[in-house]
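Below is one structure; the comments refer to it alone.
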Amino acid sequence: MNPSLISSLCLTTALMALPTLFFRKANSVALSLLTLMFSLLLSALVVATAIDARWAAPAWLSVGSFPMTFQLDNLSVAFILLLTVLASAVALFSPGYLKHFDETVNRGLYWASFLVFVSSMALVVLSADAVTFLVFWELMSISSGALVATNHQNHSVQKASLIYLGATRVATGFLAGGFLWMHSLTNSWAFQDWHFITNASAQLGASTSGAHFAAFLIFIGFAIKAGIWPFHLWLPYAYPAAPCTVSSLMSAVSKIALYGLIRILVLGDLDSPILGYLAIFLGTISAFWGVLFALIQTDLKKTLAYSSVENVGLILLAIGVCLVAKTNGLLSVAAIALSAGLFHAIGHGVFKALMFLGVGTVQCATHTSRIGHLGGLLKKMPTTSTCFLVGAMAICALPPLNGFMGKWMLYQSLMQNTWLSGSPVGAGVSLSVICVLALVGGLSIACFANAFSVSFLGEPRSSSAARAFEGDIGSSCAQVFLAALCLALGLFAVPVIGFLKPICDAALHSDTTVAATIHFSLSSVLIVFTSLFALIYLLILKPSKVRRGIIWECGFGSVSARAQVTADSFAQPIARIFNKLLSYSVTCEIEGSDRRHFPERITVAPHTASHIERRIYQPFLKLISFIARSLAKLQSGSIHLYLVYLCVTLIALLIVGRSF
Amino acid sequence: MWQSMSTETFLFETARWILFAVITFVMPILTIGVVRKTRARMQGRMGAPLLQALFDLRKLMQKSEAVSSTATWIFRSGAGIELANMLLLSTLVPWIANKPDGVSSDLFLIVYLFALSRLFAILAALDSGSPFGAFGSSRDATLAMLVEPASLLALVSLAVVAKSTEMNVIFSLTNVLLAHDPGLWFLAGTAIVMASLVELSRMPVDDPATHLELTMIHEAMLLESSGRNLALREFTRALKMTVLFGLSAQCYLRAWDDFWHFPVVAQVWLSIGGILGLALLVGLFESVSVKLQWRKVPEFISYCMTLSLLAAMVAVARGVVH
């Protein structure tokens with residue numbers, strides 16, 4: 001099949017979407033069907049096309065004199081399939097979701113940006129050279145910026161989209177710098193000519209140590225876009241501000257940044273242990289930082305945003321292990337690490353999208369995503385709640401779901417690195433990372449047990465939560481589909497890893513055997529578990545006589561829903577332990593005439609702040625705005641002053657010109 | 001597997017599974033019995049009979065259940081999920097010498113299956129809507145978060161030397177890589193005992209015999225359970241205790257094995273003796289120690305972490321030498 005059909009399909013969709021901009025009340029169902037068709041067609045085309053195809057776009061479509069080139073290999077196929085799965089689920093979900101925001105949301109803008117966003121993401125993944133990549137990367141950033149600003153009447157959304165756009169600008173700046181540098185070193189824009197090898201007399205497009213600086217710039221650019229610590233600050237602003245459908249797709253965007261890292265640095269044979277260790281370091285810190293902040297959030301969307309920081313950190317960690325192991329010649333370790341990174345990228349894309357869609361349904365039903373206003377939703381929204389629980393279990397890496405397999409491979413690569421590296425440093429680093437990962441595991445259980453149980457279990461904490469209802473059929477289908485995918489990816493991890501094998505082979509130039517390291521079977525674990533549970537349920541629990549009653553409250557009579565634990569109080573013991581990192585404090589104010597014995601009003605509130613935001617980013621931004629304000633004095637608006645500038649410039653030019 | 005087996009091996013394997021099942025059901029009762037009896041004797045009482053836990057379970061099985069009207073399916077199935085998971089774990093964790101072979105088990109799979117149990121325990125406690133259960137589970141999550149690195153690191157340091165994450169390989173008697181490491185086995189075993197005291201919410205972290213709901217950890221999580229639900233949860237906890245004590249007893253036995261080889265036939269009796277011996281020690285320790293103040297608990301866990309770190313250092317040194 002002609003591979004250029006794929007790029008044409010994406011480009012046509014992006015162009016066709018533009019007229020939708022002018023229909024404020026566009027029909028969601030029709031556009032959702034269109035997106036579904038696009039996703040199905042794209043995945044069918046990608047699967048049917050021969051792997052390792054390269055083609056150029058038609059001549060009229062070129063950047064300057066430079067024709068756009070595309071390629072399709074196993075890596076692009078994996079990410080495009082992830083993208084189409086997420087896009088179809090979100091498209092199924094969107095019509096029901098948008099109905100609840102009828103007055104505020106411009107549906108034409110939403111769907112146009114949505115289609116452009118999805119197709120430009122596919123085109124980024126298909127790009128074979130740096131210029132094409134940057135063009136579609138920008139299109140992707142701008143369209144997602146427009147999507148974040150969907151509810152732009154809201155002040156916090158305005159701020160969030162500004163921060164998001166700012167972060168994407170900086171990311172693109174770093175990327176462009178790195179790309180230009182590599183172009184000057186190799187005299188080529190094509191990714192396949194880029195090799196980051198220092199000792200490279202044998203390699204085509206050999207480069208000097210300058211390649212490592214270029215690699216560093218590219219690394220920073222992608223790290224900003226992926227939301228790695230300490231560049232993660234845009235994430236907790238942008239994800240909660242965007243509609244849930246957009247957030248769930250945007251969690252795929254951060255995967256596109258990681259795709260870029262793998263495509264350019266890992267496939268470009270980067271042999272810099274410094275950058276590898278930097279990736280391990282930043283990945284580990286992101287994982288810990290993300291989950292720690294996720295725990296203390298009181299808004300479901302913020303919890304999910306911070307947990308994205310955690311998971312992106314895990315993927316970066318895997319990429320770092322891969323880079324270090326590859327430099328040290330431990331190809332089997334590198335292969336497991338790369339498979340872990342790819343598997344977790346796909347897995348995280350699926351379960352994070354699932355959880356965002358769950359929050360979207362909750363938001364439709366209760367008009368809030370604040371954990372403190374929810375509660376008791378499991379009885380009213382059984383499908384959504386169960387799917388959310390599946391997502392939470394996957395994100396906590398519990399077997400037999402896909403999160404576990406990704407994390408298992410990560411652990412396995414670190415373990416193998418310990419006993420193969422033969423150096424105390426390598427072993428020590430691996431064991432410390434394992435230790436941090438165990439802590440992250442414990443924290444994520446606490447975090448999602450808190451988020452799930454406070455929002456979905458117990459008694460409703462507000463009247464809107466008490467009136468909650470299940471979402472429409474489309475939203476339920478989308479969530480059940482993604483939840484089933486979580487389970488399937490976990491149970492059938494071995495075929496998936498087999499599918500990823502060619503990517504590892506290409507990256508490591510050798511025949512890798514990752515699937516052989518999996519020496520247990522999750523399917524049999526699940527079968528044994530299910531049969532044991534069925535036995536216990538049928539023999540013991542089902543025949544038991546059950547009386548319903550009120551809970552134990554020390555004999556005072558029924559307690560109100562407000563007596564239940566809140567997300568803050570559940571997280572308090574852990575927040576106390578990490579209070580230095582979180583700047584955590586609890587204030588307690590008691591009001592009333594005789595405050596000690598007859599308080600009229602007691603207010604207890606926890607406070608946290610982000611050190612990085614307060615100590616580094618805010619002073620830096622203040623400095624920039626100070627410089628900008630000082631420079632603004634030059635442009636006072638007075639015509640006399642401008643005439644003086646003209647005169648001075650003219651004289652200066654005359655003097656300069658005379659000296660030549 | 002089954003086709004290639006002769007009738008004799010088949011019968012032998014079946015007998016092994018039956019023996020294993022019997023031990024799995026009897027040992028938890030005995031372990032609890034030994035701890036309680038030791039505590040009673042230390043307090044100068046005769047104490048309840050050794051099999052009192054069995055009588056308690058029988059009584060609970062005959063009672064009807066009172067369930068909070070707030071609770072959903074999670075509350076009641078949680079007990080079943082926890083027990084099913086724990087039974088599954090008892091076939092995966094090498095806690096007793098006669099554990100049937102052929103069940104492939106991974107270190108990280110085991111750690112995350114324990115985490116699965118914990119998640120459902122927390123969810124069930126919060127499902128009833130009781131603030132006591134919620135406080136208990138909040139503390140339980142905190143303890144688990146603190147103790148997870150220590151217990152994982154202890155097991156990982158064994159795996160580093162054994163060059164495998166397969167539990168059967170690490171704990172295999174024929175594994176030459178770990179044959180002469182009594183120090184490492186001892187450190188790992190002690191770290192696992194200390195970690196399991198925290199995991200099981202026993203003294204000095206939590207007093208299982210406490211009567212104040214506000215200070216309870218594990219008991220607060222069970223506050224709403226009754227009847228068969230409670231029976232399942234009590235048995236799960238006893239089984240968890242047996243499996244964890246068994247795991248550390250196996251570590252001690254390996255350490256001992258370096259000085260004096262014992263015959264294979266004695267292995268099962270030694271494993272059982274090891275578990276009951278640990279139960280006796282825990283009973284003695286619980287009689288003479290006091291429950292720590294909540295804020296001092298991380299200090300106790302840091303001792304456990306120190307042992308794990310020492311084990312990891314030994315393992316790295318050994319791993320590099322080889």
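The values are calculated or read from the model by the stated rules, or taken from the named source; none is laboratory data. Just so it is clear, the structure is predicted and the values come from calculations on it, not from any experiment. A quick note on method: Cβ atoms are made from the backbone with ideal geometry, for glycine too, and the neighbour counts reach across all protein chains shown. With ligands, DNA and RNA removed, areas are computed over all heavy atoms of the protein, side chains included. Shrake-Rupley method; radii C 1.70, N 1.55, O 1.52, S 1.80 Å.
Can you list the helices (runs of 4 or more DSSP H) lying wholly within the range A:329-442 that have 3 or more residues being within 12 Å of chain B (Cβ to nearest Cβ), in contact with a helix residue (DSSP H, G or I) (Cβ under 7 Å, 6 or more places away or on another chain) and surrounded by 24 or more Cβ atoms within 10 Å (Cβ to Cβ)?
Ranges flagged: A:382-395, A:402-421.
Do we find a residue being within 10 Å of chain B (Cβ to nearest Cβ) and crowded, with 16+ Cβ neighbours inside 10 Å anywhere in the range A:486-504?
no
With the structure loaded, tell me whether B:T142 is under 30 Å from A:G555 (Cβ atoms), within 11 Å of chain A (Cβ to nearest Cβ) and β-branched (V, I, T) or whether it fails that test.
Yes; evaluated as a whole, the condition is true for this residue.
When you scan the range A:568-591, do you find a residue that is over 30 Å from B:L87 (Cβ atoms), out of contact with any helix residue (DSSP H, G or I) (no Cβ under 7 Å at 6 or more places or on another chain) and in a loop (DSSP other than H, G, I, E, B), even just one?
no
Are any of the residues in the range A:211-227 open to solvent by 10 Å² or more (accessible area, probe 1.4 Å), on the phi > 0 side of the Ramachandran plot, in contact (Cβ under 8 Å) with a residue 12 or more places away in the chain and in the same structural domain as A:A130 (by TED's automatic domain parsing)?
No, the range A:211-227 contains no residue that is open to solvent by 10 Å² or more (accessible area, probe 1.4 Å), on the phi > 0 side of the Ramachandran plot, in contact (Cβ under 8 Å) with a residue 12 or more places away in the chain and in the same structural domain as A:A130 (by TED's automatic domain parsing).
Could you please find all residues in the range B:179-190 being among the hydrophobic types (A, V, I, L, M, F, W, C) and either touching a His at 6+ places or on another chain (Cβ under 9 Å) or open to solvent by 10 Å² or more (accessible area, probe 1.4 Å) (or both)?
Across the range B:179-190, the qualifying residues are B:A179, B:F186, B:L187.
Here are some residues: B:A125, B:A134. Which one is part of a helix (DSSP H, G or I), within 10 Å of another protein chain (Cβ to nearest Cβ), small (G, A, S) and more than 22 Å from the chain's Cα centre (by Cα)? Please lay out each step first, then the result.
On the way: B:A125 fails: more than 22 Å from the chain's Cα centre (by Cα).
From the options B:A125, B:A134, the qualifying one is B:A134.
Checking the condition free of Cβ contacts under 8 Å to residues at least 40 places away in the same chain and within 18 Å of the chain's Cα centre (by Cα), which residue from B:P204, B:P149, B:P208 passes?
B:P208
If I go through the range A:539-571 residue by residue, how many of them are crowded, with 17+ Cβ neighbours inside 10 Å, within 30 Å of A:H607 (Cβ to Cβ) and within 8 Å of another protein chain (Cβ to nearest Cβ)?
Qualifying residue count, the range A:539-571: 6.
Considering only residues that are open to solvent by less than 40 Å² (accessible area, probe 1.4 Å) and closer than 19 Å to B:A159 by Cα, which ones fall in the range B:246-280?
B:G246, B:L247, B:S248, B:A249, B:Q250, B:C251, B:L253, B:R254, B:A255, B:D257
Conditions (1) modelled with pLDDT under 90; (2) in contact with a Pro (Cβ under 7 Å, 6 or more places away or on another chain), marked per residue:
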site: B:T236; (1), (2): no, no
site: B:L244; (1), (2): no, no
site: B:V265; (1), (2): yes, no
site: B:L270; (1), (2): yes, no
site: B:A279; (1), (2): no, no
site: B:K291; (1), (2): yes, yes
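Considering (1) among the aliphatic types (A, V, I, L, M); (2) assigned to a helix (DSSP H, G or I); (3) open to solvent by 10 Å² or more (accessible area, probe 1.4 Å), say which one B:L119 fails and leave the rest.
(3)
Of the residues A:V77, A:V47, only one is crowded, with 18+ Cβ neighbours inside 10 Å and free of Cβ contacts under 8 Å to residues at least 40 places away in the same chain; which?
A:V77
Residue-by-condition table, conditions (1) out of contact with any helix residue (DSSP H, G or I) (no Cβ under 6 Å at 6 or more places or on another chain); (2) farther than 30 Å from A:S463 by Cα; (3) at pLDDT below 85; (4) outside the structural domain of A:T303 (by TED's automatic domain parsing):
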residue: A:F533; (1), (2), (3), (4): no, yes, no, yes
residue: A:V559; (1), (2), (3), (4): yes, no, yes, yes
residue: A:A563; (1), (2), (3), (4): no, no, yes, yes
residue: A:D594; (1), (2), (3), (4): yes, yes, yes, yes
residue: A:H597; (1), (2), (3), (4): yes, yes, yes, yes
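May I ask you to list the residues in the range B:80-112 that are within 7 Å of chain A (Cβ to nearest Cβ) and either in a helix (DSSP H, G or I) or open to solvent by 10 Å² or more (accessible area, probe 1.4 Å) (or both)?
B:G80, B:I81, B:L83, B:A84, B:N85, B:L87, B:L88, B:S104, B:F108, B:L109, B:Y112
Go through the range B:248-300 residue by residue and tally those that are of a type in the set (K, R) and farther than 22 Å from B:T215 by Cα.
Looking only at that region, the number is 1.
If you check A:H509, A:H519, which single one turns out to be open to solvent by 80 Å² or more (accessible area, probe 1.4 Å) and in the same structural domain as A:G406 (by TED's automatic domain parsing)? Walk me through it before giving the result.
Working: A:H519 fails: open to solvent by 80 Å² or more (accessible area, probe 1.4 Å).
Just one listed residue meets the conditions, A:H509.
Can we say B:M305 is closer than 30 Å to B:V67 by Cβ and either more than 12 Å from chain A (Cβ to nearest Cβ) or touching a Pro at 6+ places or on another chain (Cβ under 8 Å) (or both)?
Answer is no for this residue.
Select from the range B:20-50 the residues that are surrounded by 14 or more Cβ atoms within 10 Å (Cβ to Cβ), aliphatic (A, V, I, L, M) and either touching a residue at least 12 places away in the same chain (Cβ under 8 Å) or within 20 Å of B:I96 (Cβ to Cβ) (or both) and list them in ascending order.
Of everything in the range B:20-50, those that are surrounded by 14 or more Cβ atoms within 10 Å (Cβ to Cβ), aliphatic (A, V, I, L, M) and either touching a residue at least 12 places away in the same chain (Cβ under 8 Å) or within 20 Å of B:I96 (Cβ to Cβ) (or both) turn out to be B:A21, B:I23, B:V26, B:M27, B:I29, B:L30, B:I32, B:V34, B:V35, B:M42, B:A48, B:L50.
Within the range B:148-160, can you find the residues that are more than 8 Å from chain A (Cβ to nearest Cβ) and open to solvent by less than 10 Å² (accessible area, probe 1.4 Å)?
B:A150, B:A154, B:L158
Scan the range B:271-289 and tell me whether some residue there is in a loop (DSSP other than H, G, I, E, B) and either away from chain A (no Cβ under 14 Å) or within 24 Å of B:L152 (Cα to Cα) (or both).
Narrowing the range B:271-289 to residues in a loop (DSSP other than H, G, I, E, B): B:289.
Now narrow it down to the ones that are either away from chain A (no Cβ under 14 Å) or within 24 Å of B:L152 (Cα to Cα) (or both): B:289.
Among the residues of the range B:271-289, at least one is in a loop (DSSP other than H, G, I, E, B) and either away from chain A (no Cβ under 14 Å) or within 24 Å of B:L152 (Cα to Cα) (or both), which makes the answer yes.
Scan the range B:306-314 and tell me whether some residue there is surrounded by fewer than 22 Cβ atoms within 10 Å (Cβ to Cβ) and touching a Cys at 6+ places or on another chain (Cβ under 9 Å).
Yes, some residue in the range B:306-314 is surrounded by fewer than 22 Cβ atoms within 10 Å (Cβ to Cβ) and touching a Cys at 6+ places or on another chain (Cβ under 9 Å).
Identify, by number, the condition in (1) within 12 Å of another protein chain (Cβ to nearest Cβ); (2) touching a Ser or Thr at 6+ places or on another chain (Cβ under 8 Å); (3) farther than 30 Å from A:V565 by Cα that B:N229 doesn't meet.
All conditions are met except number (3).
So, in the range A:448-469, exactly how many residues are crowded, with 22+ Cβ neighbours inside 10 Å and at the interface with chain B (Cβ under 9 Å from one of its Cβ atoms)?
Within the range A:448-469, residues that are crowded, with 22+ Cβ neighbours inside 10 Å and at the interface with chain B (Cβ under 9 Å from one of its Cβ atoms) number 9.
For A:S630, indicate whether it is part of a helix (DSSP H, G or I), of a type in the set (G, A, S), more than 14 Å from every other protein chain (Cβ to nearest Cβ) and open to solvent by less than 60 Å² (accessible area, probe 1.4 Å).
Values: part of a helix (DSSP H, G or I): yes; of a type in the set (G, A, S): yes; more than 14 Å from every other protein chain (Cβ to nearest Cβ): yes; open to solvent by less than 60 Å² (accessible area, probe 1.4 Å): yes.
For A:S630, the condition - part of a helix (DSSP H, G or I), of a type in the set (G, A, S), more than 14 Å from every other protein chain (Cβ to nearest Cβ) and open to solvent by less than 60 Å² (accessible area, probe 1.4 Å) - is met.
Could you tell me whether A:C477 is at pLDDT 90 or above and either of a type in the set (K, R) or surrounded by fewer than 16 Cβ atoms within 10 Å (Cβ to Cβ) (or both)? Walk me through how you get there before you give the answer.
Numbers: at pLDDT 90 or above: yes; either of a type in the set (K, R) or surrounded by fewer than 16 Cβ atoms within 10 Å (Cβ to Cβ) (or both): yes.
For A:C477, the condition - at pLDDT 90 or above and either of a type in the set (K, R) or surrounded by fewer than 16 Cβ atoms within 10 Å (Cβ to Cβ) (or both) - is met.
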